[in-house]
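A.B. asks: This structure is in structure tokens; I'll ask about it shortly.
We did not get these values from a lab; they are worked out from the coordinates using the rules stated. The structure displayed is predicted, hence computed values, not measured ones. FYI the Cβ positions are ideal-geometry reconstructions off the backbone, even for glycines, and counts take in every protein chain you see.
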Amino acid sequence: MKKTTRNNILRYIIAMVAVLVFLLIASLLCMGLYWLSDKTGLPIYTAVTIAGIFYAAWLISKSITTPDDKEGE
């Protein structure tokens, strides 16, 4: 097996494990927040979900770069 093929396979396996761990942690966090919302009667899960969506949108918008329209400076 070529070295580059082996490196690509290892890279994909590591990426897959990282994604699975992230999804497991997110799932457990969501289940905990849902349980807490159910016990307290407060919309904690909904509030955290909406705040997370706004935070993700803000984070993505900060990473998008646009060229400056300044010519001559």
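A.B. asks: Ranking VAL21, VAL48 by Cβ neighbours within 10 Å, fewest first, what do you get?
C.D. replies: Ascending number of Cβ neighbours within 10 Å: VAL21, VAL48.
A.B. asks: Okay, next question. When the helix-only estimate is applied to the chain (DSSP H runs of n ≥ 4, each -39,500 (n - 2.57), divided by the residue count), what is the mean residue ellipticity at 222 nm, nearest 500 deg cm²/dmol?
C.D. replies: Working: 2 runs with 58 residues, N = 73.
That comes out to -28500 deg cm²/dmol.
A.B. asks: Step by step: find N for the chain, compute 2.2 N^0.38 Å, then divide the Cα radius of gyration by it. What's the final number?
C.D. replies: After normalising by residue count via 2.2 N^0.38 Å, the value is 1.83.
A.B. asks: Scan the chain and report its longest stretch carrying no trypsin sites (Lys or Arg not before Pro) that are both in a DSSP loop and have at most 13 other Cβ atoms within 10 Å. Intermediate results must be reported in sequence, preceding the final value.
C.D. replies: Values: sites that count: LYS2, LYS70.
Longest site-free region, per DSSP loop and neighbour criteria: 3-69.
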